[in-house]
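Everything below concerns the one structure shown next.
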Amino acid sequence: MVAAVFHTPDPEAPAPAPTLPSREHAAPAARTVAANAAVPADAAPAPAAAARHDWRALALRVLPPLLGIGLLVGLWAIVAMTAGGSFPGPRETFQQAVTVFSDPFYRKGPNDQGIGWNVLSSLQRVAVGFGLAAVVGIPLGFAIGRFTFLSRMFNPLISLLRPVSPLAWLPIGLMVFKGANPAAIWTIFICSIWPMIINTAVGVQRVPGDYMNVARVLNLSEWKILTKILFPAVLPYMLTGVRLAVGTAWLVIVAAEMLTGGVGIGFWVWDEWNNLNVKNILIAIFVIGMVGLLLEWALIRLATAFTYDEVRT
């Protein structure tokens with residue numbers, strides 16, 4: 001058993017005087033307190049840790065692409081050395097690229113133009129064919145996804161025509177339009193329309209049923225349902241279809257221009273092959289890849305700007 005003893009203070013007893021530290025002890029203590037207040041304990045190592053973390057993140061971001069490019073250039077140099085001079089290496093191709101890009105917009109005839117004019121002509125065909133595909137494909141995708149009857153009617157046609165090779169449509173375009181340029185645009189149109197239709201229709205079909213129930217309760221018109229409910233919900237799917245379609249269009253135009261001729265980056269590649277100028281062919285390959293990369297980047301930025309945060313992640 002533990003007993004506690006409580007002492008009642010005597011009112012007449014004087015209170016003990018507070019003890020003050022001596023001058024010798026007070027000065028070091030004051031200096032220590034002032035130093036601790038001026039420099040927090042965790043303030044000094046924080047910038048060093050943050051800087052080390054930033055450098056590591058930068059290295060992880062920059063080094064892998066550089067290593068990949070270095071690997072490509074190294075393999076290219078090995079192939080050039082083993083080819084015995086018949087295949088140009090990176091140095092010779094770079095020197096030729098400096099010559100080509102020193103005047104990319106020259107004109108010496110209808111079939112002899114700089115690489116800049118060829119790229120612009122290809123982009124123009126892609127823009128026209130892709131724009132027509134968007135005008136037709138996106139509304140058709142909304143209709144197929146919205147109405148079951150249309151979905152059952154068009155699904156067999158899409159499943160039948162979508163796997164057809166892009167170049168198989170080119171003779172049909174040449175026969176119908178009687179010209180190389182509209183035939184190339186037709187080929188881009190027919191190959192770009194499928195990703196837009198499919199992704200838009202899938203997006204409409206994945207709209208939550210509660211949204212449509214609320215629309216029926218409020219007795220909204222079909223136009224209100226399209227603009228206020230379906231379009232905001234389907235926009236991420238639609239932009240994904242657009243991004244896939246523009247990549248397909250850029251792939252198709254190069255092959256179509258090789259067969260149709262005229263002015264374009266595909267025709268430029270084929271013409272340089274006929275002239276046995278392999279350096280220009282390699283330059284054209286890099287140009288085609290860079291333009292496709294820029295188109296992809298632009299559409300990704302567009303999709304990110306109009307996409308909800310949960311869809312972005």
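Does Arg243 satisfy the criteria of being in contact (Cβ under 8 Å) with a residue 60 or more places away in the chain, in a helix (DSSP H, G or I), closer than 30 Å to Phe154 by Cα and among the basic types (Lys, Arg)?
In short, yes.
Checking the structure you have, find out if any residue of segment 201-212 is under 21 Å from Val136 (Cα atoms), part of a helix (DSSP H, G or I) and open to solvent by 40 Å² or more (accessible area, probe 1.4 Å). There is at least one residue in segment 201-212 that is under 21 Å from Val136 (Cα atoms), part of a helix (DSSP H, G or I) and open to solvent by 40 Å² or more (accessible area, probe 1.4 Å).
In segment 61-86, the residue that is most open to solvent (accessible area, probe 1.4 Å) out of those that are farther than 23 Å from Met290 by Cα and modelled with pLDDT under 85 is Ser86.
Evaluated against (1) under 25 Å from Ser86 (Cα atoms); (2) polar (S, T, N, Q); (3) surrounded by 12 or more Cβ atoms within 10 Å (Cβ to Cβ), Asn274 falls short on exactly one condition, (3). Looking across Leu167, Leu132, Leu150, Leu123, one residue alone is open to solvent by less than 80 Å² (accessible area, probe 1.4 Å), assigned to a helix (DSSP H, G or I) and over 15 Å from Val254 (Cα atoms). It is Leu150.
A quick yes/no check of all residues on (1) more than 19 Å from Ile185 (Cα to Cα); (2) not aromatic (Phe, Trp, Tyr):
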site: Val234; (1), (2): yes, yes
site: Tyr237; (1), (2): yes, no
site: Ala245; (1), (2): no, yes
site: Leu251; (1), (2): no, yes
site: Leu259; (1), (2): no, yes
site: Asn277; (1), (2): yes, yes
site: Leu294; (1), (2): yes, yes
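Hey, does segment 260-272 have a residue that's part of a helix (DSSP H, G or I), in contact with a Pro (Cβ under 8 Å, 6 or more places away or on another chain) and at pLDDT 85 or above? No; the residues of segment 260-272 include none that is part of a helix (DSSP H, G or I), in contact with a Pro (Cβ under 8 Å, 6 or more places away or on another chain) and at pLDDT 85 or above. Residues in segment 87-120 that are open to solvent by 60 Å² or more (accessible area, probe 1.4 Å) and touching a residue at least 60 places away in the same chain (Cβ under 8 Å) were compared, and the one that is farthest from Trp194 (Cα to Cα) is Glu92.
The values are calculated or read from the model by the stated rules, or taken from the named source; none is laboratory data. A quick note: this is a predicted structure, and the numbers were derived from the prediction, not measured. Because the Cβ atoms are built from the backbone with ideal geometry, glycine has one as well, and the counts that use them run over all protein chains shown. The area values use the complete protein model at the heavy-atom level, side chains included, leaving out ligands, DNA and RNA. Shrake-Rupley method; radii C 1.70, N 1.55, O 1.52, S 1.80 Å.
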